[in-house]
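What follows is a set of notes on a single structure, which appears directly below.
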Amino acid sequence: MQVMKHTFPVIGIVGTGAMGRGIAQICAQADSQVLLYDSQPQACQQAIDSLNTQWGKLAEKGRLSAEQVTAYGARLKPATALSDLAACDLIIEAIVEKLDVKQSVFKQLEGLVRADAVLATNTSSLSVTAIASALQHPERFVGYHYFNPVPLMKVVEVIAGLRTDPDVCARLDAHARCTGHTPVHAQDTPGFIVNHAGRAYGTEALRIISEGITDFATVDRILRDQVGFKLGPFELLDLTALDVSHPVMESIYHQYYQEPRYRPSVITAQRLAGGMVGRKVGMGFYTYVEGKAQVPVEPPVPEVHEFPPVWVSSRAARRADLLQLLKNLGAKIETGASPSSQALCVVAPLGFDVTTVAVVERLDPARTVGIDLLFDDQATRRRVLATNPATREDMRDAAHALFAKDGKPVSVIRDSGGFVTQRVVAHMVNIASDICQQQICTPNDLELAVTLGLGYPMGPLALGDQLGPDNVLETLFNLQTVYGDPRYRPSPWLRRRGAIGLSLKHTESH
């Protein structure tokens with residue numbers, strides 16, 4: 001369906017910080033007249049000057065014509081008072097994330113604009129319904145949440161409050177498409193889609209660190225190389241900065257009345273208190289020199305002159321693939337029902353830790369090592385091994401050297417239910433499934449929002465389908481057994497679809 005231009009011919013922007021400027025830019029580029037207002041009068045002209053400079057640089061690179069630069073600039077006008085916005089068809093607010101401040105602004109605007117004008121908030125964490133509660137006509141009020149930098153992040157969340165008119169959402173949907181953005185629709189719930197779905201990545205990585213399983217850099221390497229994330233969770237937290245991301249973690253956790261799935265970490269609270277908030281101050285999970293992270297080097301592969309024979313658990317995930325891998329690596333493989341007294345015992349659990357498997361299978365823990373095979377080995381750029389508290393140093397080194405023989409990097413971590421990748425991915429898939437279960441959005445909008453808004457290599461539901469919902473379900477059940485934490489309880493959406501072999505993107509017909 002072709003969308004007509006000028007869905008909103010005249011648009012007002014309240015707040016001219018990074019978000020306000022970005023929204024103004026894409027609206028002007030979509031042929032709307034844009035009026036900018038800021039409580040600091042000089043900020044409006046600074047924003048206009050900045051945008052004109054930016055368009056000029058794009059013209060120098062040949063990405064815009066001189067005529068386009070002139071036309072875009074002519075569509076931007078400063079507003080000296082809120083009353084200057086009275087003729088606007090749409091007003092988008094992008095100011096401080098404080099409920100009372102936003103309510104005050106919109107109460108003033110409501111008394112100025114026409115009855116058919118739409119009022120929208122770019123809030124990322126506050127309730128749209130709560131902001132609208134101060135208005136006489138909440139039916140024309142809506143959430144319209146862009147992501148920074150707005151011109152590059154091609155997704156916008158359209159959030160209906162409890163009393164929002166559906167036609168208002170439809171009009172904003174059309175406007176988003178005019179600007180080249182993809183609209184996704186969400187119910188008014190904490191975090192909407194993107195900030196809600198994104199809870200799993202960082203919080204589960206922080207739990208891994210809090211258990212002493214490995215270090216920040218290793219977690220980042222594992223999730224980049226095994227799953228394909230562009231940034232590891234601690235690189236991402238350093239980029240967004242803890243003074244932004246930690247309050248969001250706390251806000252969503254408390255808005256959901258201490259739901260364990262969203263539990264924040266004392267690690268980020270402490271670092272925020274200490275001012276180590278990330279790249280912008282030169283100190284975060286990494287130290288930055290001239291803007292470049294100082295990443296510790298990986299431990300070298302141990303030198304092992306004689307390898308023990310290898311025995312593989314009959315319950316190992318992807319057992320046939322594991323045996324073939326060991327054969328390719330030149331291992332001497334034992335095929336008996338139980339290992340010899342010299343063998344390196346290799347297990348590959350889903351969700352369980354190495355200790356639990358060694359006890360259940362009556363293996364010598366001193367010679368037992370685990371390998372994460374949630375993903376096909378050929379599809380990953382790194383192997384991850386886990387020891388248990390009793391694993392002997394010679395067996396750990398032998399396993400490390402053996403699995404690194406073909407040159408693929410190997411990370412060796414301490415014992416963990418679900419290693420690193422399993423628990424992070426399973427938690428991501430589970431939260432995404434529960435977003436669908438709560439009918440916050442459609443599975444399709446969730447996948448679009450997460451891939452465009454968070455830059456994940458694929459949507460969490462598609463990832464769950466790729467790995468097998470039954471495998472994700474098994475991982476979660478076993479994580480819950482190991483940790484006794486309701487954080488890992490499977491969503492009914494995942495549990496039912498995993499049990500009967502349905503895609504996680506499948507929706508019921510009624």
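Quick rundown of the values:
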| item | result |
| --- | --- |
| Accessible surface of residue 500 - all protein chains present, 1.4 Å probe, nearest 10 Å² | 120 |
| Using alpha-carbon coordinates, inclination of helix 216-227 to the longest axis of the chain, degrees | 90 |
| Cross-link reach list, lysines versus residue 505, counting only Cα pairs under 26 Å and skipping chain neighbours closer than eight places | 154, 230 |
| The stretch 113-250 - share of DSSP beta bridges that are antiparallel (%, nearest 5) | 30 |
| Dipole magnitude of the chain about its Cα centre (Cβ charges: Lys, Arg +1; Asp, Glu -1), debye to nearest 20 | 340 |
| Using a Förster distance of 45 Å, the FRET efficiency for residue 243-residue 321 (Cβ separation, nearest 0.05) | 0.50 |
| Amide H within-cut-off set for residue 118, under 5 Å, with H built and near neighbours excluded | 90, 91 |
| Rounded to 5, percent antiparallel among DSSP beta bridges of the chain | 25 |
| Degrees between helix 199-210 axis and first principal axis of the chain (Cα, 0 to 90, nearest 10) | 40 |
| Karplus-derived 3J(HN,Hα), 6.51/-1.76/1.60, for each residue of the stretch 80-97, Hz, glycine and proline x | 8, 8, 4, 5, 5, 8, 4, 8, 5, 7, 9, 10, 10, 9, 9, 10, 4, 7 |
| Directionally averaged shadow of the chain, computed from the convex hull of its alpha-carbon atoms, nm² | 26.7 |
| Given 61/292; 327/408; 77/102, the pairs whose alpha carbons are separated by over 24 Å | 61/292 |
| Largest to smallest accessible area among 306, 204 [probe 1.4 Å] | 306, 204 |
| With every protein chain in place, the chain: carbon and sulfur % of accessible area (1.4 Å) | 52 |
| Built amide H within the under 5 Å cut-off of residue 36, gap 5+ | 13, 77, 79 |
| Accessible surface of residue 107 - all protein chains present, 1.4 Å probe, nearest 10 Å² | 120 |
| Stokes-Einstein diffusion coefficient of the stretch 3-122, Kirkwood radius over Cα pairs, 20 °C, 1.002 mPa s, in µm²/s | 147 |
| Area of residue 458 that stays accessible when all protein chains are in place (1.4 Å probe, Å², to 10) | 60 |
| Qualifying chymotrypsin sites (Phe, Trp or Tyr not before Pro) in the stretch 220-288, DSSP loop, other Cβ atoms within 10 Å at most 11 | 257 |
| Whole-number percent relative contact order across the chain, with pairs defined as alpha carbons under 8 Å at least 6 apart | 12 |
| Extension gain, residue 379 back to residue 39 (0.36 nm per residue minus Cα-Cα distance, nm) | 117.1 nm |
| Inter-label distance, nm, simple model (7 Å from Cα along the C-beta direction), residue 170/residue 485 | 4.5 |
| Computed E for residue 49/residue 101 - FRET, C-beta separation, R0 25 angstrom, nearest 0.05 | 0.45 |
| Alpha carbon centroid spacing (whole Å) that separates the stretch 231-296 from the stretch 433-474 | 24 |
| Estimated inter-spin distance, residue 508 and residue 266, nm [label 7 Å along Cα→Cβ] | 4.2 |
| Pairwise FRET efficiency - residue 444 versus residue 80, Cβ, R0 = 45 Å, nearest 0.05 | 0.55 |
| Whole-number accessible area per residue in Å² for the chain, which is evaluated in the context of all protein chains at 1.4 Å | 43 |
| 0 to 90° range, to nearest 10: angle between helix 99-110 axis and the chain longest Cα axis | 30 |
| Calculated P(r) tail over 19 Å for the stretch 55-133, as whole % of Cα pairs | 52 |
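The values are calculated or read from the model by the stated rules, or taken from the named source; none is laboratory data. As the structure is a prediction and not an experimental result, all values here were calculated from the model. In this analysis, Cβ positions are derived from the backbone assuming ideal geometry, glycine residues included, and neighbour counts consider all displayed protein chains. Quick note on the areas: whole protein, heavy atoms, side chains included, nothing else; ligands and nucleic acids left out. Shrake-Rupley method; radii C 1.70, N 1.55, O 1.52, S 1.80 Å.
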